[in-house]
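What follows is a set of notes on a single structure, which appears directly below.
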Amino acid sequence: MFGDRLPMVLTCPACKNDLELVLSISALLDSEKQDDGHVRLAVEGLHVTARQPTSRDLVDAAATGNREAARWVLIERCVEATDTHGTAVPVGELPASLLDSVGDALGAADPLADVVVRTACAICGHESGAALDVPLYLWAEFTVTAQRVIWDVHALATAYGWRESDILEMSAVRRQAYLDLIP
């Protein structure tokens, strides 16, 4: 919807200079190495399979309102374990260190789950990383786009006396052509 480019402005944590950069969505997607969304581990006589959480899993986990409860919602839904004889092992009996290893393996299997933008400041040279919150970024883009359309409608309605519905039926290119004609 917004093209391949993600323009961003980050602030250098060392000198507070604004850093302007552009990420490529296709480059981010090309970095994805996820196979079937599952990881398989064999540790301490246990065979563990875990899948990436779905958006429904995440919504339900967030609805708990408690970090630890949310963690267990995800563990219970996404992790399966058996012993060396193939007998199911309840996830509540798995060691915490094993669950941490599962989380690390899931993160490594899906590099887009936690996108960190690495930068070096052009002014002071400080290297740092900033998390890219994709839903927050998209929401900000939708907000800016909606505000721009409202201003476009206002300008065209004021200049030409057209109705909002007629203006919104125009393509963005056609709307822009008329906006460019307004003195």
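The values are calculated or read from the model by the stated rules, or taken from the named source; none is laboratory data. What you see is a predicted model, and the numbers here were worked out from it, not measured in a lab. Because the Cβ atoms are built from the backbone with ideal geometry, glycine has one as well, and the counts that use them run over all protein chains shown.
In this structure, does Asp180 turn out to be surrounded by 13 or more Cβ atoms within 10 Å (Cβ to Cβ) and assigned to a helix (DSSP H, G or I)? When the stated conditions are applied, Asp180 does not pass them.
Pairing each residue of region 22-47 that is assigned by TED's automatic domain parsing to the domain that holds Ala105 and more than 16 Å from Ala108 (Cβ to Cβ) with any residue that is modelled with pLDDT of 75 or more and of a type in the set (Lys, Arg), provided the two are 6+ apart or on different chains, yields C-beta distances under 9 Å for His47/Arg40. One residue alone among Val91, Val134, Val73, Val115 is in contact (Cβ under 8 Å) with a residue 24 or more places away in the chain and under 24 Å from Val59 (Cα atoms), and that residue is Val115.
Against the definition (surrounded by 10 or more Cβ atoms within 10 Å (Cβ to Cβ) and either within 30 Å of Val9 (Cα to Cα) or polar (S, T, N, Q) (or both)), how does Ala69 come out, yes or no? No.
Residues that are among the polar types (S, T, N, Q) and over 21 Å from the mean Cα position of the chain (by Cα): find the strands (runs of 3 or more DSSP E) completely inside region 34-103 holding 1 or more of those.
Working: elements: 38-43, 46-51, 79-83.
Strands (runs of 3 or more DSSP E) meeting the threshold: 46-51, 79-83.
I'd like the residue in region 1-21 that is acidic (Asp, Glu) and modelled with pLDDT of 90 or more and, out of all such residues, is nearest to Thr143 (Cα to Cα). My answer is Glu20. Of the listed requirements (1) modelled with pLDDT of 85 or more; (2) surrounded by 13 or more Cβ atoms within 10 Å (Cβ to Cβ), Gly37 misses just one: (1). Which members of region 154-168 meet the condition of being surrounded by 11 or more Cβ atoms within 10 Å (Cβ to Cβ) and part of a helix (DSSP H, G or I)? Hits for region 154-168 are His154, Ala155, Leu156, Ala157, Ala159, Tyr160, Glu164, Asp166, Ile167, Leu168. From the list Asp133, Asp114, Asp100, the one residue that fits, being within 19 Å of Val43 (Cβ to Cβ) and surrounded by fewer than 16 Cβ atoms within 10 Å (Cβ to Cβ), is Asp100.
Evaluated against (1) loosely packed, with under 11 Cβ neighbours inside 10 Å; (2) assigned to a strand (DSSP E or B); (3) under 22 Å from the mean Cα position of the chain (by Cα), Leu29 falls short on exactly one condition, (2). Residues in region 126-153 that are in a helix (DSSP H, G or I), farther than 15 Å from Ile25 by Cα and of a type in the set (A, V, I, L, M, F, W, C): Leu136, Trp139, Ala140, Phe142, Val144, Ala146, Val149, Ile150, Trp151, Val153.
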